[in-house]
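**Student:** Quick one: this structure, given as structure tokens, is what I'll be asking you about.
Throughout, read-outs are computed from the coordinates displayed, never taken from laboratory work. Keep in mind that this is a model prediction, so the values were computed, not measured. With ideal geometry, Cβ positions are generated from the backbone for all residues, glycine too; neighbour counts draw on all protein chains shown.
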Amino acid sequence: MLEFDDAQTRLANGAPLPTAAVDLPLRDAMGLVLARDLTATLDLPPADNSAMDGYALRHADFRDGARLPIGQVVYAGQAPAPLKPGHAARLFTGSLLPPGADTVVMQEDTREADGHVEILQPPRPGQHVRRRGEDTAAGTPLLPAGTRIGPAQIALLASQGVARIPVHPAVRVGILTTGDELVEPGAPRASHQIYNSNGAMLAALVENMGARAEQVLHAADNEAALKSAFQTLTRECDLVVSIGGVSVGDKDLVKPVLESLGASLDLWRVRMKPGKPVAMAHVEGKPIVCLPGNPVSAFAVFAVLVSPLLRRMQGRRDLFPQVSHLALRTETPRQDSREEFLRVRRIVNAGGVGELHAFEKQGSGVVSSLPWATGLARIPTGRAVYDGEKVAYYDFQHWLS
Ligand code: AMP
Ligand code: MG
């Protein structure tokens, strides 16, 4: 048996880093990963401008009770004339400061009459001015290679006038579900059949991470069907994820089929619950990950074991998202010979502190635990965990994105 941490590390290193890059318009790059470091080419803001609606002046011209003539009105988008000594300029949020002006007084602290403005509050030198380059200076790092592009990154890039960026193409993931008992949602179901929930689930997990579920296939429990499906997926995808058929039952044919395809099988049993049977293989250099069939096991194993591998293939900088430590509320002490990943919900208690509550039914087939849970709590082996003890918490928001 392989320890969980070893399995996680081995899987995370089980594929090469991406090399391909394409230049895409910003919007099409959403969810993808930056292929090169980007540097700012523009000072932002590009010129000193006002943070308020009000009046610009030279701070040195301020006297108590002074009334300054208003020499010009500057709207955002206009180029101001130099500020005459002893004058003020009327301006608005985003208006450029006239050359010579260094301070802005907000409208609420002034009184305007007869083309003059009276300053009612002594201003601080330089107040309410957004300085050229104070946000981002030209030549400074903007975003490093390996950053996943989201709305915040798009905002920063657009502010620099960037229209296209180099990204790694989406990783193409092939998904293979297995089992004679399964029918697709939407199809008629006989009493001895169950719906295939893993196919749709895995496709959604993959796409949520910014990869592409290129093909979702299903194979019955026979060697010919499995072999042909694995051949198609390894040909057309960068990563293959199969679900089910990896135990030691009569119909667990994934292992022999992969071996017949010349695969080298890298790991087999992980000391974790749910999800003991997990395998990784390579066929012609392409990684294949085999997950347990129980939907909850497949979900949990994908979250904590497969997602770092996928992040690596995407070229992302951070393969292992944050793990926090929170108190577990449990009526009975929890202990097992395998590391257990409980489906838990993080709630904020009456004292304003986050804590974890376990779903009542922790069976590896209990799909109703998934929408209820916000993440997984890791229960170590070798000793019991008591009510209120802190345990490692893997939040789905981080681990599944
Ligand atoms: P297996 O690993 O193939 O023995 O499957 C373990 C359990 O998970 C069995 O109860 C299967 O019926 C169930 N299972 C396997 N694949 C799926 C699937 N795609 N959708 C829903 N349940 C599945
Ligand atoms: Mg099966």
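**Student:** Which translational diffusion coefficient, to the nearest whole µm²/s, is obtained for region 222-261 from the Stokes-Einstein equation, given a Kirkwood hydrodynamic radius over C-alpha pairs, 20 °C and 1.002 mPa s?
**Tutor:** It comes out at roughly 205 µm²/s.
**Student:** Highest mean first, what order results for 151-157, 141-147, 99-105 on Cβ atoms within 10 Å?
**Tutor:** 99-105, 141-147, 151-157
**Student:** Still on this structure, I have one more. Taking the alpha carbon gyration tensor of region 171-314, what are the square roots of 5 times its eigenvalues, largest first, to the nearest whole Å?
**Tutor:** 20, 18, 16
**Student:** What is the sum of charges around MET1, taking Lys and Arg as +1, Asp and Glu as -1, for the other residues whose C-beta is under 12 Å from the C-beta of MET1?
**Tutor:** Summing Lys and Arg as +1 and Asp and Glu as -1 gives +2.
**Student:** Further question: Given axes a ≥ b ≥ c from the Cα gyration tensor, I'd like to know whether region 49-130 is rounded (a/c under 1.5), prolate (a/b larger than b/c) or oblate.
**Tutor:** Taking the square roots of the gyration eigenvalues as a ≥ b ≥ c, region 49-130 is rounded.
**Student:** What distance in nm lies between label points placed 7 Å from Cα along the C-beta direction at ARG27 and THR140?
**Tutor:** In this crude spin-label approximation the distance works out to 3.0 nm.
**Student:** Can you sort PHE62, PHE302, PHE4 so the residue with the fewest Cβ neighbours within 10 Å comes first?
**Tutor:** With the sparsest Cβ surroundings first, the list reads PHE62, PHE4, PHE302.
**Student:** Can I ask one more? Going by how many other beta carbons lie within 10 Å of each one, how would you line up SER247, SER50, SER228, SER364, fewest first?
**Tutor:** SER228, SER247, SER364, SER50
**Student:** Which value, in nm² and rounded to one decimal, describes the direction-averaged projected area of the C-alpha convex hull of region 324-400?
**Tutor:** It is 5.2 nm².
**Student:** Now for a different question. Taking neighbour counts of Cβ atoms within 10 Å as a proxy for exposure, in what order, fewest first, do MET209, MET201, MET1, MET30 appear?
**Tutor:** Lowest to highest Cβ neighbour count: MET1, MET30, MET201, MET209.
**Student:** Can you give the alpha-carbon Rg of the chain over 2.2 N^0.38 Å, where N counts its residues?
**Tutor:** Cα Rg divided by the expected 2.2 N^0.38 Å: 1.39.
**Student:** In percent, how large is the relative contact order of region 171-314, given Cα pairs closer than 8 Å and 6 or more residues apart?
**Tutor:** 24
**Student:** Sum -39500 (n - 2.57) across every DSSP H segment of at least 4 residues in the chain, then divide by the residue count to get the 222 nm mean residue ellipticity, nearest 500.
**Tutor:** Calculated from helices alone, the mean residue ellipticity at 222 nm is -5000 deg cm²/dmol.
**Student:** Still on this structure: Among THR332, THR381, THR232, which one shows the biggest mean-square fluctuation in a GNM of the chain, springs joining Cα atoms closer than 10 Å?
**Tutor:** Answer for the Gaussian network model of the chain: THR332.
**Student:** Based on Cα coordinates alone, diagonalise the gyration tensor for region 1-154, multiply each eigenvalue by 5, take square roots, and list the semi-axes in whole Å, largest first.
**Tutor:** 52, 16, 12
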